[in-house]
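Trainee: Dropping the structure in here first, questions after.
The values are calculated or read from the model by the stated rules, or taken from the named source; none is laboratory data. Just so we're clear, the structure is a prediction, and the values are computed from it rather than from any experiment. Using ideal geometry, Cβ is built from the backbone for each residue, glycine included, and neighbour counts are taken over all protein chains shown.
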Amino acid sequence: MTVVAKAMSNGYPMGAVVGSREVMEPAGRMFISSSYWSDNIGTVAALTTIRELRRRNSEVRFKELGENLRSVLNEVIAASGLSGACTGLHTALGVSLDLPDETLAPAVKTLFVQEMAKRGIHCYMGFKGTLAHTEEDIRLTADAVAGALGVIKSGIDAGDVDSLLESDLKKDPFRRLVR
């Protein structure tokens, strides 16, 4: 069974549950209510989004962008002197670093966000490609990552990543709400 939601409608309220006949038939006998039951904007948005994704050959383009970004970022990571990799699906890549001490992770992640923002790219240690991204965007991202990793390496080498932080430590969204 697969559940998809707002991505299929470009952010508008919409969801779909897809599965085998065996799994889906019992659901056909259930009553499911919805806040947006009579609102057809989500349906129209989903149909338009899916049509546009098909028209733009999105699967191929997302794969190209993701593979290019992964390759370039792995080169940048290797050149930084840090150990790590860019991994993940081509639509949801992430940079992970092999740190000498895992207790450095919150400070390193915060420093990465800080240094990327200084270079005009607002992200965590992950990247979500869009059909609007270009090869130039990949180059700019790689340059920003190289700069951010340079700062991180200098902090690790000096044994004082915390002194480079200009903000509070990044908190995971769920963890900041639940203790």
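Trainee: Given the options 18, 23, name the one that is within 24 Å of residue 91 (Cα to Cα) and modelled with pLDDT under 90.
Mentor: 18
Trainee: Also, quick follow-up: Of the residues 84, 15, 19, only one is surrounded by 12 or more Cβ atoms within 10 Å (Cβ to Cβ), in the same structural domain as residue 130 (by TED's automatic domain parsing) and small (Gly, Ala, Ser); which?
Mentor: 84
Trainee: While we're here: Can you pull out every residue in segment 122-140 that is farther than 16 Å from residue 84 by Cβ, touching a residue at least 24 places away in the same chain (Cβ under 8 Å) and surrounded by 15 or more Cβ atoms within 10 Å (Cβ to Cβ)?
Mentor: The answer is 129, 133, 138.
Trainee: Tell me yes or no: at least one residue of segment 144-164 is in contact (Cβ under 8 Å) with a residue 12 or more places away in the chain and either in a loop (DSSP other than H, G, I, E, B) or outside the structural domain of residue 72 (by TED's automatic domain parsing) (or both).
Mentor: Yes, the conditions are met somewhere in segment 144-164.
Trainee: Same structure, new question: So which of 43, 49 is β-branched (Val, Ile, Thr), surrounded by 14 or more Cβ atoms within 10 Å (Cβ to Cβ), part of a helix (DSSP H, G or I) and within 21 Å of the chain's Cα centre (by Cα)?
Mentor: Selected residue: 49, the only one of 43, 49 that is β-branched (Val, Ile, Thr), surrounded by 14 or more Cβ atoms within 10 Å (Cβ to Cβ), part of a helix (DSSP H, G or I) and within 21 Å of the chain's Cα centre (by Cα).
Trainee: A follow-up question, please. Tell me which residues, restricted to segment 90-119, are in contact with a Phe, Trp or Tyr (Cβ under 9 Å, 6 or more places away or on another chain) and either in contact (Cβ under 8 Å) with a residue 60 or more places away in the chain or in a strand (DSSP E or B) (or both).
Mentor: Residues satisfying the conditions are 92, 93, 94, 95, 97, 109.
Trainee: So which residues in segment 62-82 are in contact with a Leu (Cβ under 7 Å, 6 or more places away or on another chain) and not in a helix (DSSP H, G or I), if there are any at all?
Mentor: Residue satisfying the conditions is 82 alone.
Trainee: Kindly establish whether residue 2 is among the hydroxyl-bearing types (Ser, Thr, Tyr), exposed (fewer than 13 other Cβ atoms within 10 Å of the Cβ) and in contact (Cβ under 8 Å) with a residue 12 or more places away in the chain.
Mentor: Yes.
Trainee: Quick check on residue 59: is it in a helix (DSSP H, G or I) and free of Cβ contacts under 8 Å to residues at least 12 places away in the same chain?
Mentor: yes
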